[in-house]
Each structure stands twice: as structure tokens, then as C-alpha cells.
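Below is one structure, written out as C-alpha cells; comments come after it.
The values are calculated or read from the model by the stated rules, or taken from the named source; none is laboratory data. Given the structure is predicted, the values throughout are model-derived calculations rather than measurements. Cβ atoms come from the backbone with ideal geometry, glycine included; neighbour counts cover every protein chain shown. Keep in mind that these areas ignore ligands, DNA and RNA; they rest on the heavy atoms of the full protein, side chains included. Shrake-Rupley method; radii C 1.70, N 1.55, O 1.52, S 1.80 Å.
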Amino acid sequence: MFPEYRELIQGLRQDNPHFSKLFEEHEELDKEIILREQNPVNLINDDIEILKRQKLKLKDKLYAYLKQAEQESES
């Protein structure tokens, strides 16, 4: 996720506990979605869509943090 911000992500994960927590939540949701999608019983499952929406919201928050940190570093 966001390969162009790899170094910035590393720094934020070390320096910003809230960013780190959001990042970990995103990773956990990603793992959960993959597990559920691999199980054929879950293919028609609204829970997966809910998880995907949650993951997308987290990704948007993470991106906002990254853009803000990028702007601050350019100043």
C-alpha cells in the first residue's frame, strides 16, 4: 500500500502511535478479508463488503496522514 510513501510510512509508524494503530488495523482487516474470500462459503457474504468499506475508510485516513506529513516535510 502506497509504495511511493514507504519511507514516510516507516517514520510515521515509529513516531506517531495513532498512525501506527490505524496502519495495523488496516493490515488486520486486509488479512481477515483475504481469509474470508478464500473460503467458498463466504463468497456471498455481506460481512466481507462491510470489512472492505472499513478498510477503505482506514486507507483514506492513512492517506490523509501521509499527505499532511509530506506537506510538512516540504515546508
Residue that is nearest to Leu58 (Cα to Cα), among those in segment 1-33 that are modelled with pLDDT of 95 or more and of a type in the set (Phe, Trp, Tyr):
Phe23
Considering only segment 66-75, state which residues are modelled with pLDDT under 95 and buried (at least 16 other Cβ atoms within 10 Å of the Cβ).
Ala69
Criterion first (in a helix (DSSP H, G or I), touching a residue at least 24 places away in the same chain (Cβ under 8 Å) and either closer than 19 Å to Lys55 by Cα or open to solvent by 70 Å² or more (accessible area, probe 1.4 Å) (or both)) does Glu25 satisfy it?
yes
Name every residue in segment 10-29 that is out of contact with any helix residue (DSSP H, G or I) (no Cβ under 7 Å at 6 or more places or on another chain) and among the basic types (Lys, Arg), in order of residue number.
Lys21
Read through the list (1) loosely packed, with under 12 Cβ neighbours inside 10 Å; (2) in contact (Cβ under 8 Å) with a residue 40 or more places away in the chain; (3) touching a Ser or Thr at 6+ places or on another chain (Cβ under 9 Å), then give the number of the only condition that Leu8 fails.
(1)
Restricting segment 28-49 to residues that are outside any helix (DSSP H, G or I) and of a type outside the set (Val, Ile, Thr), which is most open to solvent (accessible area, probe 1.4 Å)?
Leu43
Determine the pairs where a residue that is assigned to a helix (DSSP H, G or I), located within segment 50-75, has a partner that is of a type in the set (Gly, Ala, Ser) and surrounded by 10 or more Cβ atoms within 10 Å (Cβ to Cβ) with Cβ atoms under 9 Å apart, the partner being 6 or more residues away or on another chain.
Ala69/Gly11
